[in-house]
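The values are calculated or read from the model by the stated rules, or taken from the named source; none is laboratory data. Since this is a predicted model, take the numbers as computed values, not measurements. As a convention, Cβ positions derive from the backbone with ideal geometry for all residues, glycine included, and neighbour counts pool all protein chains shown. With ligands, DNA and RNA removed, areas are computed over all heavy atoms of the protein, side chains included. Shrake-Rupley method; radii C 1.70, N 1.55, O 1.52, S 1.80 Å.
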Amino acid sequence: MDSAFLIRVLQFILSISLLVFLHEGGHFFFSKLFGVKVDKFFIFFDVGIGKWTGKLFKKKIGETEYGLGWLPLGGYCKISGMIDESMDTEQMKLPPQPWEFRTKPAWQRLLIMIGGVLVNFLLALFIYSMVLYYWGESYIETKNMTMGMKFNSEAKALGFQDGDILLGTEEKTFKSFDVDIYRSISEAKRVDIIRNGKQMSLNLPGNLNLLDMLKKQPTFVQPLVPAEIDSVLPSTPAAAIGMAKGDKVTAINGKPLDSWNEFTLAVSELNDVVTAKGTHNDSIAGRTVTIAFQHKATGVTDTVKTMLDKDMKLGVIQRSYWSYYEPTEVKYGFFESFPAGIRYGINILSGYVDDLKYVFTSEGAKSLGGFGTIGSLFPPVWDWMMFWRMTAFLSIILAFMNILPIPALDGGHVLFLLYEMITRRKPSEKFMIVAEYIGIGILILLMVVANLNDILRWMGVM
């Protein structure tokens, strides 16, 4: 098994296990606080197969059965006297008991239901704060990226030129190059830039499609990175033709290049042709390229015909734009880290919420990802800083998704509780059961679509 894949899987399982444990722990804490019986507390799902219960471990302590299921995709806290995904309708037919969820005041039931979301949200802010405290921040300010950026044809049609340095919009000054830049430009009426050493502004429509900006190849804007080789991997096409660290790729198939941006685009176009035709001969032809590269040691340029590997790779590590600039380093004291972490987490959440409008478009639906997509977000090597950043990101997204007013999610229960508190009437148990089935159906449909997208991407269909 590929070690990078295994490391990603282990990080994903560890992260999800922690988040599920603490999310369900939030429900558990408030249930116990208000004297509500918790029948089961499970990490992972114990889906039975035949006569097997699906439980890898279980132990009853007091009135609660604690356990570990085999399916590492979630977990649950079964609260007595509550209509939830367990659909334990037999219990609901019995007379209400004082230790049950349904007999408690609405405000207590509300706190029990938001307990998991509250824990996930606070956990994300805490992790972000601790990451900033322990590692600090390191970033390249966009105003210091003196080589500028590369823009695609859509951006150039709006007035951008290769080499422009992005400064900010009428709303904010850019800090570092990340997805916030795309989001800000998509909503901006004005973008400030430096062109040929002079500051100027471009007028924009204010309603660019963020999804198009990110999905089109090349993307709307990327840092310009000279086509300089950082290192050459052994037993690869690059090693075979004599490439070395510091050499520069100057052309591919006779087309001059000034950056890795252009090289990546050229190879992507070749790959599209190979994929479209699909035959072995076409694959060989598409992978056969003429590369021109300048030797750092001598300044001499060689032009060599070679064949890219089956993954359309040359076999070099490209030099990153980070290596050309001096990063800004920011350190935080323990108490300073908390407001900084809170600001960071809220910015992540607000960006995510703002982008949700694209989910309801055809392209947005295609961009949905399942467990494979989530797992691929983790780095292929074990990096604790990236692990904790990803865990915080998943925690804050888990909090938001769970508070959506969809039956079967915490937010659905919260919606019905707010209705009860306002009207002083409980929805009927029959209505709650039907709503739970509908909610579960919606969640299953979303899960199927998201994971089907992953499979189609893996097959190269999407």
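Assorted remarks:
- Residue in region 159-166 that is of a type outside the set (A, V, I, L, M), buried (at least 16 other Cβ atoms within 10 Å of the Cβ), more than 30 Å from residue 288 (Cα to Cα) and touching a Pro at 6+ places or on another chain (Cβ under 8 Å) present: no
- Within the option set 155, 106, being crowded, with 20+ Cβ neighbours inside 10 Å and either of a type in the set (Lys, Arg) or in contact (Cβ under 8 Å) with a residue 24 or more places away in the chain (or both) holds for one residue only, 155.
- Of the candidates 32, 40, 59, 51, the single residue that is modelled with pLDDT of 85 or more, among the charged types (D, E, K, R), open to solvent by 40 Å² or more (accessible area, probe 1.4 Å) and more than 27 Å from residue 396 (Cα to Cα) is 59.
- Whenever a residue of region 236-260 is acidic (Asp, Glu), its partners that are not in a loop (DSSP other than H, G, I, E, B), lying with C-beta atoms within less than 8 angstrom and at least six residues away or across chains, give the pairs 247/228; 247/229; 247/293; 247/294.
- Whichever residue in region 84-94 is open to solvent by less than 50 Å² (accessible area, probe 1.4 Å) and of a type outside the set (D, E, K, R) and, among such residues, is modelled with the lowest pLDDT: 87
- A search for C-beta distances below 6 Å between a residue of region 296-321 that is within 27 Å of residue 177 (Cα to Cα) and any residue that is at pLDDT 90 or above and assigned to a loop (DSSP other than H, G, I, E, B), counting only pairs 6+ apart in sequence or on different chains, returns 315/233; 315/236; 321/225.
- Some residue of region 390-401 being buried (at least 21 other Cβ atoms within 10 Å of the Cβ), over 19 Å from residue 122 (Cα atoms) and touching a residue at least 60 places away in the same chain (Cβ under 8 Å): no
- Residue within region 242-250 that is in contact with a strand residue (DSSP E or B) (Cβ under 8 Å, 6 or more places away or on another chain), in a helix (DSSP H, G or I) and closer than 21 Å to residue 305 by Cα present: no
- Some residue of region 119-138 being over 28 Å from residue 352 (Cβ atoms), open to solvent by 20 Å² or more (accessible area, probe 1.4 Å) and among the polar types (S, T, N, Q): no
- Residue 99, sole failed condition from (1) farther than 30 Å from residue 17 by Cα; (2) part of a loop (DSSP other than H, G, I, E, B): (1)
- Considering 23, 27, the condition of being closer than 23 Å to residue 392 by Cα and touching a strand residue (DSSP E or B) at 6+ places or on another chain (Cβ under 7 Å) is satisfied by 27 alone.
- Helices (runs of 4 or more DSSP H) enclosed by region 104-211 - at least 3 residues per element that are among the small types (Gly, Ala, Ser): 106-135, 153-157
- Qualifying residue in region 356-374 (condition: assigned to a helix (DSSP H, G or I), touching a helix residue (DSSP H, G or I) at 6+ places or on another chain (Cβ under 7 Å), of a type in the set (Asp, Glu) and modelled with pLDDT of 80 or more): no
- The listed residue being touching a Ser or Thr at 6+ places or on another chain (Cβ under 9 Å) and among the aromatic types (Phe, Trp, Tyr), out of 160, 151, 174: 174
- Residue within region 316-337 that is over 27 Å from residue 163 (Cα atoms), surrounded by 17 or more Cβ atoms within 10 Å (Cβ to Cβ) and at pLDDT 90 or above present: yes
- If you go through region 63-83 and keep only what is crowded, with 21+ Cβ neighbours inside 10 Å, under 17 Å from residue 32 (Cβ atoms) and of a type in the set (Val, Ile, Thr), you end up with just 79.
- Residue check, residue 97 in contact with a helix residue (DSSP H, G or I) (Cβ under 8 Å, 6 or more places away or on another chain), farther than 22 Å from residue 434 by Cα, open to solvent by less than 30 Å² (accessible area, probe 1.4 Å) and of a type outside the set (Ser, Thr, Tyr): no
- Unmet criterion (only one of (1) open to solvent by less than 20 Å² (accessible area, probe 1.4 Å); (2) assigned to a strand (DSSP E or B); (3) out of contact with any Phe, Trp or Tyr (no Cβ under 9 Å at 6 or more places or on another chain)) for residue 231: (1)
- Flag for residue 129 being at pLDDT 95 or above, within 22 Å of the chain's Cα centre (by Cα) and of a type in the set (Ser, Thr, Tyr): yes
- Single condition residue 298 does not satisfy, out of (1) surrounded by 15 or more Cβ atoms within 10 Å (Cβ to Cβ); (2) over 32 Å from the mean Cα position of the chain (by Cα); (3) outside any helix (DSSP H, G or I): (1)
- Region 261-279: number of residues that are in contact (Cβ under 8 Å) with a residue 60 or more places away in the chain and loosely packed, with under 14 Cβ neighbours inside 10 Å: 1
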